[in-house]
Amino acid sequence: MPVAVTAATLRTLHRMHRQLADLQEQLSAGPRQVAARTKRLQATEAEKTSAQEAVKLAKVAADQKQLQLKSAEAKILDLEGKLNACKTNREYQTLRDQIAADRMATKVLEDEILEALEGVDALKPAVPAADAEIASARTALAEAQSRVQAEAGRLESEVARIRADLETVERELEADVRQRYDRVVKHKGADGLAAADGQSCGGCFQQITGNMLSELMMGRTVTCGSCGRLLYIPETSVTA
């Protein structure tokens, strides 16, 4: 096979393999985008659940303090009712002191209840904010799913077309070249081929020998000793 034909065939095959790799990356990128949007939606839903739980716990804490206040107020009323039944000044004074202490405790409880209710009010806006985030995440997910689905058909059709063209061009390779080509492409894909860049491999950039370059110019198949890529002469060198 003349050198120009060999180089042109390998160049064409390399271009097709790179096109396939790019299309396959686009195909795999679509599901990754959907997965990322799905993960974001799940995160926003978890944030809403967390916000709701925080509001619920804050309300429970406020309710418990209000029950404590009612119980304390009832106790004060009971003690006040016992004042008239006191038989000694000492007993009377002890009850008065107890009532005063309990009233101070209720004032502390009232302050704590107010603080707890303010805390509930501060937490509540997080729930509608989370709802807005969820709506946005759902929209982004639906758009990604629609876009990926629409693109998948086009990309798969393009992959099928290039694969068919690739098989056609591969048949142009001589048997011994085809064996070496099949072997490197199986293991490296598009990275199985590279242009000779001057006296270097265009893939790993390691120097190739003068003999290897001469063999390439004579139309022989050469493999880079460093990276194992199948080398070909770039179009500019063939034209020159």
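The values are calculated or read from the model by the stated rules, or taken from the named source; none is laboratory data. Since this is a predicted model, take the numbers as computed values, not measurements. Because the Cβ atoms are built from the backbone with ideal geometry, glycine has one as well, and the counts that use them run over all protein chains shown.
Comparison of K56, K48, K107 shows that the only residue that is over 30 Å from I134 (Cβ atoms) and either loosely packed, with under 14 Cβ neighbours inside 10 Å or among the basic types (K, R) (or both) is K107.
Looking at region 189-208, which of the residues that are part of a helix (DSSP H, G or I) and in contact with a Gly (Cβ under 9 Å, 6 or more places away or on another chain) is surrounded by the most Cβ atoms within 10 Å (Cβ to Cβ)?
Filtering region 189-208 down to residues part of a helix (DSSP H, G or I) leaves 189-192.
Checking the rest, the ones that are also in contact with a Gly (Cβ under 9 Å, 6 or more places away or on another chain) come to 191-192.
On the way: D191: 18, G192: 23.
By that ranking, first place goes to G192.
Pairs meeting the criteria (first residue in region 182-193 and closer than 13 Å to L231 by Cβ and touching a residue at least 40 places away in the same chain (Cβ under 8 Å), second residue among the polar types (S, T, N, Q) and surrounded by fewer than 18 Cβ atoms within 10 Å (Cβ to Cβ), beta carbons under 9 Å, at least 6 apart or on different chains) are V184/T223.
Collect the residues in region 213-240 that are at pLDDT below 80, surrounded by 15 or more Cβ atoms within 10 Å (Cβ to Cβ) and at negative phi, keeping them in residue-number order.
Kept after step one, since they are at pLDDT below 80, are these residues of region 213-240: 219, 235-240.
Applying the additional criterion that residues be surrounded by 15 or more Cβ atoms within 10 Å (Cβ to Cβ) yields 219, 237-238.
Of everything in region 213-240, those that are at pLDDT below 80, surrounded by 15 or more Cβ atoms within 10 Å (Cβ to Cβ) and at negative phi turn out to be S237, V238.
Looking at the structure I just gave you, is A36 assigned to a helix (DSSP H, G or I), more than 27 Å from the chain's Cα centre (by Cα) and not basic (K, R)? No. Each residue in region 110-145 was checked for being of a type in the set (K, R) and exposed (fewer than 12 other Cβ atoms within 10 Å of the Cβ), and 0 pass.
Per-residue answers, yes or no, for (1) in contact (Cβ under 8 Å) with a residue 60 or more places away in the chain; (2) outside any helix (DSSP H, G or I):
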| residue | (1), (2) |
| --- | --- |
| L79 | no, no |
| K82 | no, no |
| C86 | no, yes |
| R90 | no, no |
| D102 | no, no |
| L117 | no, no |
| V120 | yes, no |
